[in-house]
Amino acid sequence: MKLNKDIFLYSAEDKLVTNKKFNIYFDLKTNIAWTEIRNEKDLSKHYNSDKYDSFKNKPKIFLDYIYFFIQRLMLRYKWSIVKKLAPNNIKSLDVGAGLGVYAEFCLKRGVKQSIVENNLKALKICNNKGLKTFASINKIPNNCKFNIITFWHSLEHMINLNEILNKCNSLLDQDGFLVIAVPNINSFDSKHYKERWAALDVPRHLWHFTRKGIESLLIKKDFLLIESYPLFFDVFYIAYITEKQNGSFFPFFKGLLIGILSNIKALFSKEHSSIIYVFKKT
């Protein structure tokens, strides 16, 4: 998806792998911000870091135990949303599944669960969990249908955004649901931290969505927004990581304060740090 450079927002640094800076622009027509990457068709090298939490599978320090505790809470929260959409006979596809933590959680609850993951090590782990796996969403035949497709903080990583969403439409049953969780660049913590905001996560995050931007994008793909839900805990983790990456003293407590402020402000503005959007195929 090609967007315009209407507004220059930031030059943000990749804190995990390269320490290079990447420019972020805002497209006024789509209300979506985007990361400029040049001459890089394969971004896999930017995920080769022990610090990348999507591939974290066991705690090493005290804060990791907090991370995994919250992860378990969020699994139940996500499951409570998904099971309302299709109480019986759920056939679900999780795109960008990482180590398959969410997918395995659903599998154990009777869901016919498949996943898409292009990291070979993570894909092998998902296979060992008994999940039906695909290395690319484009390798799934269109006659293989699902009633729910989920993107848990993965849509912002997808290079071919239009192609991916068109494929989702083809794979979903009529009246199927697309569930997308993404960071919100209009949140208080985003505006507070600006180019330092950890959820920018350049260059892995290619797209930085607003509420209006993601809804408008999905309408063009024949999806109707029917509900949205806040991810209250995400802001605390993002704020802590931001403080830590930028050498702050007492990053845990400063992150906690910013997280509380962001959630309080979002009670009125509805601009939470991360949001789950539920779209229905029309």
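Listing for the model above:
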read-out: Subset of the range 165-179 [assigned to a helix (DSSP H, G or I) and touching a Phe, Trp or Tyr at 6+ places or on another chain (Cβ under 9 Å)]; value: Leu165, Cys168, Asn169, Leu171
read-out: Verdict on Leu75 being within 25 Å of Tyr240 (Cα to Cα), part of a helix (DSSP H, G or I) and either modelled with pLDDT under 95 or out of contact with any Lys or Arg (no Cβ under 6 Å at 6 or more places or on another chain) (or both); value: yes
read-out: Some residue of the range 135-144 being part of a loop (DSSP other than H, G, I, E, B) and touching a Cys at 6+ places or on another chain (Cβ under 7 Å); value: no
read-out: Phe151 being crowded, with 20+ Cβ neighbours inside 10 Å, touching a residue at least 12 places away in the same chain (Cβ under 8 Å) and closer than 26 Å to Ser228 by Cα; value: yes
read-out: Answer from Lys132, Lys145 - the residue that is over 21 Å from Val182 (Cβ atoms), touching a Gly at 6+ places or on another chain (Cβ under 9 Å) and surrounded by fewer than 18 Cβ atoms within 10 Å (Cβ to Cβ); value: Lys145
read-out: Residue check for Ile70: modelled with pLDDT under 95, surrounded by 12 or more Cβ atoms within 10 Å (Cβ to Cβ) and either more than 30 Å from Lys2 (Cβ to Cβ) or out of contact with any strand residue (DSSP E or B) (no Cβ under 7 Å at 6 or more places or on another chain) (or both); value: yes
read-out: Single unsatisfied condition, Asp175 versus (1) among the acidic types (Asp, Glu); (2) surrounded by fewer than 21 Cβ atoms within 10 Å (Cβ to Cβ); (3) within 18 Å of Phe232 (Cα to Cα); value: (3)
read-out: Long-range neighbours under 8 Å by Cβ, at least six apart or interchain, first residue within 9 Å of Phe188 (Cβ to Cβ) within the range 258-281, second in a loop (DSSP other than H, G, I, E, B) and of a type in the set (D, E, K, R); value: Lys265/Glu271
read-out: Total residues in the range 78-91, condition assigned to a helix (DSSP H, G or I) and more than 18 Å from Lys281 (Cα to Cα); value: 3
read-out: Qualifying strands (runs of 3 or more DSSP E) (wholly inside the range 180-282; at least 1 residues being more than 13 Å from the chain's Cα centre (by Cα) and surrounded by fewer than 23 Cβ atoms within 10 Å (Cβ to Cβ)); value: 223-230, 274-281
read-out: Residues located in the range 102-125, provided they are farther than 17 Å from Pro87 by Cβ and small (Gly, Ala, Ser); value: Ala103, Ser114, Ala122
read-out: Condition check for Ser11: over 14 Å from Ile159 (Cβ atoms), surrounded by fewer than 18 Cβ atoms within 10 Å (Cβ to Cβ) and among the small types (Gly, Ala, Ser); value: yes
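The values are calculated or read from the model by the stated rules, or taken from the named source; none is laboratory data. Computed from a predicted structure; not experimentally measured. A quick note on method: Cβ atoms are made from the backbone with ideal geometry, for glycine too, and the neighbour counts reach across all protein chains shown.
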